[in-house]
Amino acid sequence: MARADLSTEASQFCELSVIVAVRDVEETVGRDVRSLAAELRGRGMRFEILAVSDGSRDTSLTLLRLLGEEMPELSVLGFARGGRAFRRAIAQATGREVLLWEADGRATFPSALFGWALAQLARRTAVVVRGRFVLAKRLAALPILLELAGRWGDYDARFERLAARQRMDLEIAGPRRRHRGRRLIAPVLRILSV
């Protein structure tokens, strides 16, 4: 069966669309995407992986295109304007559920957390694992996913806020992060108040 036939077949019955925002991670992106695909295959899931550059300036996408020749579930969508990788790929996603993850090169995909999140998604509309990934029922979360833009550093927090405003049934795991600017602003405010 030709590659095009396999990817068409995979997308017709897709349970999960994984959207990977790719930055400058050429050293680890192949390993990370292979690891993620092995995890999903091990769970018996039908999935697609949509990789999009989020301002990558290295050879990460080229490496993923080569990997895509042996992995029919992987599609490389190319470049998105900075902070718009998830929004660009959500229009291509076909899965009932969507996983948003940034390949950041620090660690492989958190498989144990993913298993927990899948169990939670059976009862919820979306699961935010702060600092790691967002897992959601695609159609229910689509209005939020199409509205949001930005890089991963605060994407999950903004998803969380919008979902709460829309009263989405949301599960949240992980510590709340302090706003990065507060550490810098507080000392400046103290100095100015003297």
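No lab work stands behind these numbers, since they all come straight from the coordinates. All values reported here derive from a predicted model rather than from experimental measurement. No Cβ is skipped: glycine too gets one built from the backbone with ideal geometry, and neighbour counts run over all protein chains shown.
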For this session: Give the residue from Ala103, Leu66, Gln166 lying farthest towards the positive end of the charge dipole for the range 3-192; charges sit on Cβ (+1 for Lys and Arg, -1 for Asp and Glu) and the dipole is referred to the Cα centre.
Result: Gln166
For this session: For a label point 7 Å from the Cα of Thr59 along Cα→C-beta, name the residues of the range 32-53 whose backbone N is under 17 Å from it.
Result: 32
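Per residue and in cubic angstrom, what volume does the convex hull of the Cα atoms of the range 3-192 have?
131 Å³
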Exercise. Over the range 42-123, one equal point on each Cα, no solvent: what is log10 I(q)/I(0) by the Debye formula at q = 0.11 Å⁻¹?
Worked result: -0.33
For this session: Specify the inter-centroid distance of the range 37-53 and the range 61-107, based on alpha-carbon positions, in whole Å.
Result: 11 Å
Seminar exercise, completed: Sorted by chain and number, the residues with a modelled amide H under 5 Å from that of Glu102, at a separation of 5 or more or across chains, are Ala21
Exercise. What FRET efficiency would be calculated for the residue pair Asp24, Leu113, taking the C-beta separation as r and a Förster radius of 22 Å, to the nearest 0.05?
Worked result: 0.35
Seminar exercise, completed: Measuring from its Cα centre, the range 3-192 shows a charge dipole (+1 at each Lys and Arg Cβ, -1 at each Asp and Glu Cβ) which, in debye to the nearest 20, is 1180 debye
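Suppose we keep just the DSSP beta bridges with both residues in the range 3-192; what percent of those would be antiparallel, to 5?
Numbers: 9 of 32 bridges.
Just about 30 percent of them are antiparallel.
Would you tally the net charge around Arg88, using a Cβ to Cβ cut-off of less than 11 Å, leaving Arg88 out, and scoring K and R as +1, D and E as -1?
Numbers: positive: Arg81, Arg84, Arg87; negative: Asp54.
Its environment carries a net charge of +2.
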Seminar exercise, completed: The long-range amide H neighbours of Phe79, using H built 1.01 Å from N in the peptide plane and a cut-off of under 5 Å, are Ser53
